[in-house]
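K.L.:
Can you read through this structure? Questions will come right after.
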Amino acid sequence: MKAILQRVLSASVTVEKEVVSSIGKGVLVFAAVAPGDTEKEADSLAQKVLKLKLWDDDAGGRWKKSVMDISGEVLCVSQFTLLASTKKGNKPDFHGAMGGDDAKRLYQYFFEKVQQGYIADRVKNGVFQAMMEVALVNDGPVTLEISAGQKQTPVPTPKPKPTPAPTPAADQP
């Protein structure tokens, strides 16, 4: 699973000209489910959403408080396009996203885990597979990408090239 978290002052989701969810200060979460993801990844991501330190404390300490610590709200929005590949050509490839009923079930599980881990009425949801208008007022801006369960490809560290040993000159004895 993969998610984009945005610290917001407010956010809302509108479907067919009707506001279906809105929050004040808190976190907007765009979440995507990949093939092979399980409830384990959803549990891990839900905990990360709730516990990630995105706000300063009262003494000015940076990155000290979570959304729960500030009594903020959470708006979860399903967004399979987070898992698009654009490696070939100019058309996104969405094979990296889980499809249909399986994705809906696991996304719903993730949303319910966020609700269960916090105060249920402070956690709102978009509409799965709907064309949504998402409005937000970013705070900072602070935007982070988090994931659970997907193998991250490490960026290789370049190895220093060995310095060749000096070779003795042919004309020396």
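The values are calculated or read from the model by the stated rules, or taken from the named source; none is laboratory data. If you're wondering where the values come from, they're calculated on a predicted model, not measured in any experiment. So basically every Cβ, Gly included, is an ideal-geometry build from the backbone, and we count neighbours across all protein chains shown. To get the accessible areas, we keep the full protein, side chains included, count just its heavy atoms, and leave off ligands, DNA and RNA. Shrake-Rupley method; radii C 1.70, N 1.55, O 1.52, S 1.80 Å.
K.L.:
Where does helix 100-116 land angle-wise versus the long Cα axis of the chain, in degrees 0 to 90, nearest 10?
P.N.:
Result, in degrees: 80.
K.L.:
Leaving out ligands and nucleic acids, and using a 1.4 Å probe, what accessible area per residue does the range 1-108 come to in Å²?
P.N.:
Per residue, the range 1-108 has an accessible area of 53 Å².
K.L.:
With a 10 Å cut-off between alpha carbons and a GNM built on the chain, which of LEU52, LEU75, LEU83 moves the most?
P.N.:
Comparing LEU52, LEU75, LEU83 in a Gaussian network model of the chain, the most mobile one is LEU52.
K.L.:
Using modelled amide H (1.01 Å from N, peptide plane; none on Pro or chain starts), what sits under 5 Å from the amide H of ILE70, excluding residues fewer than 5 places away?
P.N.:
Under 5 Å from the amide H of ILE70: no residue qualifies.
K.L.:
Lys and Arg at +1, Asp and Glu at -1: add these up for the other residues within a Cβ distance under 11 Å of VAL137 and post the number.
P.N.:
Residues close to VAL137 contribute a combined charge of +1.
K.L.:
When we measure straight from the Cα of LYS17, which aspartates and glutamates land under 15 angstrom away, once same-chain ones fewer than 8 places off are left out?
P.N.:
Partners found: GLU133.
K.L.:
Restricting to the range 1-129, what percent of DSSP beta bridges are antiparallel, rounded to 5?
P.N.:
If I count the DSSP bridges inside the range 1-129, around 60 percent turn out antiparallel.
K.L.:
Could you please state how large a percent of the accessible area of the chain is carbon and sulfur, counting protein chains only and using a 1.4 Å probe?
P.N.:
Solvent-exposed carbon and sulfur of the chain make up 53 percent of the total.
K.L.:
Still on this structure, please answer the following. Counting each DSSP H run of 4 or more residues in the chain as -39500 (n - 2.57), what helix-only mean residue ellipticity at 222 nm follows after dividing by all residues, to the nearest 500 deg cm²/dmol?
P.N.:
So the helix-based figure for the chain works out to -5500 deg cm²/dmol.
K.L.:
Next question. Multiplying the sequence separation of GLU133 and HIS95 by 0.36 nm and subtracting their Cα-Cα distance, what value in nm do you get?
P.N.:
Between GLU133 and HIS95, full extension yields 11.3 nm more.
K.L.:
May I ask for the net charge around LYS65, where only other residues with Cβ less than 12 Å from the Cβ of LYS65 are counted and Lys, Arg are +1 while Asp, Glu are -1?
P.N.:
+2
K.L.:
Let me ask another. Amide H to amide H, which residues 5 or more places from VAL20 or on other chains are under 5 Å from it, using H placed in the peptide plane?
P.N.:
Result for VAL20 returns VAL13, THR14, VAL15.
K.L.:
What is the packing order of peptides 10-18, 109-117, taking the mean over residues of other C-beta atoms within 10 Å and listing the highest first?
P.N.:
Ranking the peptides 10-18, 109-117 by packing returns 109-117, 10-18.
K.L.:
Next up: Could you list the trypsin sites (Lys or Arg not before Pro) in the range 38-67 that lie in coil according to DSSP, counting only those with at most 12 other Cβ atoms within 10 Å of their Cβ?
P.N.:
Answer in residue order: ARG62.
K.L.:
Taking the simple approach of a point 7 Å from Cα along Cα-to-Cβ for both ILE146 and ASP43, what is their distance in nm?
P.N.:
1.6 nm
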